[in-house]
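The block underneath contains the structure these notes are about, expressed in structure tokens.
The values are calculated or read from the model by the stated rules, or taken from the named source; none is laboratory data. All values reported here derive from a predicted model rather than from experimental measurement. All Cβ positions, glycine included, derive from the backbone under ideal geometry; neighbour counts span all protein chains shown. Accessible surface areas use protein heavy atoms only, side chains included; no ligands, DNA or RNA. Shrake-Rupley method; radii C 1.70, N 1.55, O 1.52, S 1.80 Å.
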Amino acid sequence: MENSIDGKVRLRFAPSPTGGLHLGGVRTVLFNYLFAKHHGGELILRIEDTDQTRFVPGAEKYILDTLHWCGIIPNESPLHGGAYGPYRQSERKALYTPYAQSLIEQGFAYYAFDTPEELEEKRKKVPNFQYSHKFRQEMRNSISLSENEVSNLLKNGTPYVIRIKMPQDEEIVFNDMIRGEVRFDVNTVDDKVLLKADGMPTYHLAVVVDDYLMKITHAFRGEEWLPSAPVHILLWKYLFGIEAMPLWAHLPLILKPEGTGKLSKRDGERLGFPVFAMDWTDPHSKETTVGFKEKGFLPEAFINFLAILGWNDGSQQEIFSVEELISKFDIERVHKSGARFDYEKAKWFNQEWIKRTDNTSLASLLQPFLEAANIEVHEPSYLVKVIGLVKERCHLLSDFITQSHFFFRAPTHIDIATILPKWDEKKQHFFDTLVEQSSQHINKGLSTLPVKTLEDNFKALATAQNIKTADLLLPLRIMLVGGKFGPGVFDIIESIEFSDATARIKYALQLISTK
């Protein structure tokens, strides 16, 4: 380990409050969190809200709620406070201007007085226009104008931005913890705006200043930020010295299921899976985008799945607890290439975590899904019992409703069409007798019998009537649950008890008689 301050590793996650949190963003904060915890360090949440035109009400709370659901709790944040606040960039506005002015004084930045209309006119005349050394002299800035002209413009309060003055014919080289040595030709990089006309910094200036002031030792971010690295490296060099710069790692993209291109919200809409961690409702359009949580994912499964999207520990292990991930995480084992998103694999992880979760905990997690399905549970222990019978069949928490609703109320549809082709008088007589036996049990005050006893009695009756048990089990299942699904039929009878089971069989026999 290197580049720690006073022996303390400090990483940050710095999202913009512009909407829902894409799973790529969650993976970024997860890798920051795992690295920090592995090295006994700290995670800082910093809200990058300098672009007020993109600010979305409720987005910051959504980010905090998402991290809480995932179990990723920052050491410092707008919510938790800390020694290096404020943790919203909009509240740090006064900090940035002196650094921008320092860059101008050193000759590393300049004032640009071009109006939006002038810039748009230039873009129309010059295809793929970039504000760079090629065009500086053609624009209105403190490089092309005289000192007197610049002084007058500033005195008159003419709006301006401050741009970095990118050098020419240089190569910038840095070491990425994932990608190794990375090189850039500065001639391909434009003079980015550092300070906007409203006095707010752009991302480029703010991220460098804040990382320095917050003593960030490692900066992990998505590879889409790699083209910005030359600007940031120069700002570190000009303002604080390159030796103060955090160690960087640019994380690979999460790719579409086809394996090409970055996974987007549209891909989720197109293929029917979530790409946000939690439900996000746009405050303007009121449109809700479904999240992994509401779809029925456990946070442990979501985190486990994200962790292996682009990382492995060198073994064949796939199921990791958070504690195991913290123990084994190594940023140098993150892949350089993009990781293909596989929703079916994500559901497999969720099924594995459902199996590992105790039934009482699952009962609590299922409450929103039960309420949405209008299923009332009068006895918590009964729900716990039912969960134990069906959990092996569930990939999502929402699957519990499909797999268990018949434990709580009689099915509204009976698939009689599947029973009828092989129905005959012998089967009719068998089920009439079964109903009679059940009624006798009820009259004796028996609500149910052990599963083994129910199965033995059923087989004995089938043998006595010279019918194969296998030919009777499917009709019985359909009568009890409505279709060809569910756990063992005798588990179902034992759970719903004789009165309910008898009523369902009688109802099905009545339907059959009308066909």
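Quick notes
- D65 acidic (D, E), surrounded by fewer than 22 Cβ atoms within 10 Å (Cβ to Cβ) and under 15 Å from the mean Cα position of the chain (by Cα): yes
- For the stretch 483-499, the set of residues classified as out of contact with any Asp or Glu (no Cβ under 7 Å at 6 or more places or on another chain) and buried (at least 19 other Cβ atoms within 10 Å of the Cβ) consists of G486, P487, V489, D491, I492, I493, E494, S495, I496, F498, listed by residue number.
- Residue in the stretch 92-115 that is basic (K, R), part of a loop (DSSP other than H, G, I, E, B), open to solvent by 70 Å² or more (accessible area, probe 1.4 Å) and closer than 19 Å to T18 by Cβ present: no
- Among the residues of the stretch 121-141, those that are under 16 Å from D190 (Cβ atoms) and in a helix (DSSP H, G or I) comprise K122, R123, R136, Q137, E138.
- Flag for D210 being out of contact with any strand residue (DSSP E or B) (no Cβ under 6 Å at 6 or more places or on another chain) and part of a loop (DSSP other than H, G, I, E, B): no
- Verdict on K37 being in contact with a Gly (Cβ under 8 Å, 6 or more places away or on another chain), open to solvent by 30 Å² or more (accessible area, probe 1.4 Å) and either of a type in the set (G, A, S) or in contact (Cβ under 8 Å) with a residue 24 or more places away in the chain (or both): no
- Residue check for T115: among the polar types (S, T, N, Q) and closer than 20 Å to A219 by Cβ: no
- Residue, nearest to I104 (Cα to Cα), within the stretch 248-263, restricted to residues that are assigned to a loop (DSSP other than H, G, I, E, B) and open to solvent by less than 20 Å² (accessible area, probe 1.4 Å): P252
- Residues satisfying the stated conditions in the stretch 223-247, i.e. in contact with a Lys or Arg (Cβ under 9 Å, 6 or more places away or on another chain), closer than 28 Å to I308 by Cα and open to solvent by 10 Å² or more (accessible area, probe 1.4 Å): E223, E224, L226, S228
- Test: residue in the stretch 169-190 that is open to solvent by 30 Å² or more (accessible area, probe 1.4 Å), within 30 Å of R88 (Cβ to Cβ), without any contact (Cβ under 8 Å) to a residue 60 or more places away in the chain and among the charged types (D, E, K, R): no
- Candidate set: the stretch 456-478, residues that are touching a residue at least 12 places away in the same chain (Cβ under 8 Å) and in contact with a Ser or Thr (Cβ under 9 Å, 6 or more places away or on another chain); chosen: the one most open to solvent (accessible area, probe 1.4 Å): L474
- Any hit, the stretch 378-392, residues being closer than 15 Å to D500 by Cβ, of a type in the set (D, E) and either open to solvent by 40 Å² or more (accessible area, probe 1.4 Å) or assigned to a helix (DSSP H, G or I) (or both): yes
- Some residue of the stretch 50-68 being in contact (Cβ under 8 Å) with a residue 24 or more places away in the chain and in contact with a helix residue (DSSP H, G or I) (Cβ under 6 Å, 6 or more places away or on another chain): yes
- Of the residues making up the stretch 118-140, those that are open to solvent by 80 Å² or more (accessible area, probe 1.4 Å) and either of a type outside the set (D, E) or over 20 Å from V150 (Cβ atoms) (or both) number 9.
- Condition check for A219: open to solvent by less than 10 Å² (accessible area, probe 1.4 Å), out of contact with any helix residue (DSSP H, G or I) (no Cβ under 8 Å at 6 or more places or on another chain) and of a type in the set (G, A, S): no
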